[in-house]
Every structure is written in structure tokens, then in C-alpha cells.
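In what follows, a structure is listed as C-alpha cells, so that the remarks can point back to it.
Values quoted throughout were computed directly from the atomic coordinates according to the rules given, and no laboratory measurement underlies them. Worth saying up front: this structure is predicted, and the values here are computed from it rather than measured. Here the Cβ positions follow ideal geometry from the backbone for every residue, glycine too, while neighbour counts run over all protein chains shown.
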Amino acid sequence: MRFDGRVVIVTGSASGIGQATAQRFAADGATVVCADLNEAGAKATAADIGGAGIGLDVSDPDAATDAVERVVREHGHLDVLANVAGILQFGHADELSAEEWNRVISVNLTGVFNMIRPALPNLVASGGNIVNVASTSGLHGQPYGAAYSASKGGVVMLTRALAVEYAKKGVRVNAVCPGGVDTPLVANMTMPDDVEGFLVARMELVRGHFAPPSDIASVLCFLASDDARNVTGACVPVDYGMTA
Ligand code: NAI
């Protein structure tokens with residue numbers, strides 16, 4: 001019950017890694033607020049774990065601020081912000097429209113910042129922390145994933161910048177960088193027909209199979225826990241050696 005009495009927001013919690021993360025926080029005693037674009041999915045995850053579910057588009061800064069302020073108003077404090085929501089799109093960079101580029105950046109990178117900005121004063125007050133979900137694509141270049149890779153590299157550097165800036169104020173900021181997790185995001189992924197096979201080889205899984213989302217949730221919850229009280233600015237690969 002290491003999160004007993006703690007209030008946690010998990011974005012992207014209708015599905016995949018976010019859902020597993022909400023379940024793990026709740027199993028370890030947290031009061032969890034599940035936030036997702038898919039409001040019905042967020043409510044379904046919340047119903048299973050005795051938490052609250054809200055509809056939220058993280059790319060909307062006003063909606064993100066409202067959501068964070070509402071949680072603090074209703075629960076009195078915020079202890080952990082877990083930014084998991086994300087989208088994936090593959091294609092040739094020279095065929096990517098401005099709209100497609102902006103959508104990926106606005107959800108995966110700006111969406112993380114939209115949540116962090118209103119959360120920070122509350123996390124300073126509670127001595128809380130932030131855990132972001134980046135990707136192996138934020139650690140090495142992902143061919144056919146220009147916007148995705150750029151967004152996740154941005155999350156890595158946002159994590160490090162904030163870790164340094166807020167270290168003296170007692171707010172830890174960490175990230176996990178998963179590689180190959182069994183979720184709808186990957187199941188629905190499509191690649192252009194004419195990709196160079198050897199260029200995408202770096203996406204191949206060392207173990208030959210995807211990790212269950214709970215394997216990412218366990219590392220994320222460790223980073224958010226007091227067991228990791230001396231860890232900040234870490235971007236931990238959870239990829240079974242893909243980027244080693
Ligand atoms: P998923 O598709 O199962 O879950 C993503 C969730 O984010 C969905 O519930 C979706 O409704 C929500 N979402 C999308 N746009 C949103 C928005 N604008 N506002 C609020 N919620 C929104 O995918 P998965 O795999 O669980 O992805 C979670 C995170 O993990 C993402 O950031 C993804 O980039 C990252 N990741 C996933 C990997 C994988 O192999 N599955 C590998 C590396 C990183």
C-alpha cells in the first residue's frame with residue numbers, strides 16, 4: 001500500500017499502459033483519477049478500481065488545467081501525475097501533412113506539458129512527482145516515425161529539464177521509455193508498404209514478443225514511489241535491451 005492516501009492522475013487510462021498503470025496505483029493504495037479522450041473507457045477503468053473517470057483531451061490546455069484544478073479541489077491535494085496518453089503514426093516524413101505533424105506533437109508533447117503546468121504548484125505543495133511515458137523512439141531515431149520520435153525525444157528532454165529546475169523544490173520528474181508493448185496502439189499500427197526492412201530492424205524485439213502493459217506500469221509506479229526518492233531526471237528504458 002505504498003500509495004496509501006495519495007492522489008494520482010493517470011492520462012490515457014482507458015486502454016493499454018495507462019489502464020495497467022491506473023490498476024497498479026490503485027492496487028498499491030492510491031486514489032486514482034482516470035483521464036482519457038475516451039470518456040467511457042476512462043470511466044470503465046475507474047469503475048474497476050474504485051476511482052473516478054473523466055473525459056479529457058490533453059492537447060487542450062484549458063481542459064487540462066480545469067481537470068487538474070478539479071482534482072485538487074475535490075481531493076485536497078495531488079501527489080502524482082502520470083502522463084501516459086499518446087498517439088502513434090507512421091509514414092514517410094516527406095508525405096506527413098502539417099496537420100498530422102501538429103496532432104502528434106500536440107498530444108504526445110504539448111499534451112504532457114499542458115498537464116504538468118497546472119500540476120506543478122500542487123506537486124510543490126505536496127512533495128509529489130511526475131512520471132511521463134516517453135518511448136524507445138525518444139532515445140533513438142525511429143524511421144517512418146518523424147513526428148512520433150520528435151515528440152518522444154521532446155518528452156525525454158522535458159523530463160530532464162524539469163527534474164533539474166524543480167529538484168530543490170522537492171518535485172521529482174522521471175520517465176519510462178517502453179519498447180514494444182502489447183496494446184491497441186501497436187495492434188492498430190500501420191507502416192507504409194515500401195519501408196526498408198533493415199531500417200525498421202531496430203524496432204525488433206529482443207525477446208521476440210511484446211511486453212504486457214503491466215510490465216511498464218510496474219516500473220512507472222516504482223519511479224513514482226518513495227522507493228525511488230533519490231531518482232529524478234531518469235528516463236528508464238523498459239525495452240528488454242532494445243536500446244542498450
Ligand atoms: P493505447 O492506444 O492502448 O492507449 C493510449 C490511450 O491514450 C488511449 O486510451 C487513448 O484514448 C488515449 N488518448 C489518445 N489521445 C488522447 C488525448 N488527446 N487526450 C487524452 N487521452 C488520449 O496505447 P498504449 O500503447 O497504451 O500507449 C500509451 C503510451 O505509451 C503512449 O504515450 C505511447 O506513445 C507510449 N508507448 C507505447 C508503446 C507500445 O509499444 N505500445 C511503446 C512506447 C511508448
Practice task
Place the peptides 57-66, 42-51 in order of packing, highest mean first, counting for every residue the other Cβ atoms within 10 Å and averaging per peptide.
Solution key: 42-51, 57-66
Practice task
Can you tell me the 0 to 90 degree angle between the C-alpha axis of helix 146-165 and the longest principal axis of the chain, rounded to 10?
Solution key: 30
Problem - Packing-based ranking, highest mean first, of 16-23, 232-239, 77-84, 88-95 given that Cβ atoms within 10 Å are counted - result: 16-23, 77-84, 232-239, 88-95
Fill in the blank from the handout: Per its Cα gyration tensor (rounded if a/c is under 1.5, else prolate when a/b beats b/c, else oblate), the stretch 1-119 is best filed as prolate
Practice task
May I ask you to give the average projected area over all directions of the convex hull of the Cα atoms of the chain, in nm² rounded to one decimal?
Solution key: 12.4
Practice task
Provide the per-residue ³J(HN,Hα) series for the stretch 7-23, in order, calculated from phi with Karplus coefficients 6.51, -1.76, 1.60 and θ = phi - 60°, each as a whole number of Hz, with x at glycine and proline positions.
Solution key: 9, 10, 9, 10, 7, x, 8, 6, 7, x, 5, x, 5, 5, 5, 4, 5
Practice task
For n ≥ 4 DSSP H runs only, could you compute -39500 (n - 2.57) per run for the chain, divide by its residues and tell me the 222 nm figure to the nearest 500?
Solution key: -13000 deg cm²/dmol
Handout entry: Cα long-axis angle, helix 110-126 against the chain (0 to 90 degrees, to the nearest 10)
Key = 30
Problem - Among 160-171, 128-139, 29-40, the order from most to least packed when residues are scored by Cβ within 10 Å on average - result: 128-139, 29-40, 160-171
Handout entry: Taking the stretch 144-244 and dividing mean pair separation by its residue count, relative contact order in percent (alpha carbons under 8 Å, at least six apart)
Key = 44
Handout entry: With Cα atoms, 0 to 90° folded angle of helix 213-224 axis to the chain main axis
Key = 50
